Amino acid sequence: MIETYVSACWMQGCEEGWILISDQKAGKRCINEYAWRMRVESTFQDSKRRGWNLEASLVKEEARLDRLLLALFLAMW
């Protein structure tokens, strides 16, 4: 038997609500951690082929790639 918790929220301005089932206690902290993980996952996907397509950028020098990534992250922030 696994102990599970359910957290639910519908943030103002969002089209859909979230219902989270987790092994963590239900509440705001669980929802905030999930939101953070979703943002990290989205950023990771954007840095691959789905978004920025960095593989095709032709930037080979590390310093230039660092500046490009900084500009992309600042634009997202």
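The values are calculated or read from the model by the stated rules, or taken from the named source; none is laboratory data. Source: prediction; values computed, not measured. Every residue, glycine among them, receives a Cβ derived from its backbone with ideal geometry; neighbour counts consider all protein chains shown.
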Practice item. Check ILE2, ILE19, ILE31 and return the single one that is of a type in the set (Val, Ile, Thr) and loosely packed, with under 10 Cβ neighbours inside 10 Å. Key: ILE2
Exercise for review: State which residue pairs qualify: first residue over 12 Å from THR43 (Cβ atoms) and inside segment 62-77, second residue in a helix (DSSP H, G or I) in any location, beta carbons under 8 Å apart, and separation of 6 or more residues or different chains.
Suggested key: LEU65/LEU54; LEU68/LEU54
Exercise for review: Give segment 2-26 a look and list any residue that's among the polar types (S, T, N, Q), within 18 Å of TRP36 (Cβ to Cβ) and assigned to a loop (DSSP other than H, G, I, E, B), or say none.
Suggested key: GLN24
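Let's see how each residue does on (1) farther than 21 Å from VAL6 by Cβ; (2) modelled with pLDDT under 85:
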| residue | (1), (2) |
| --- | --- |
| ALA26 | no, yes |
| GLU33 | no, no |
| VAL40 | yes, yes |
| GLN45 | yes, yes |
| GLU55 | yes, yes |
| GLU62 | yes, yes |
| LEU65 | yes, yes |
| ALA71 | yes, no |
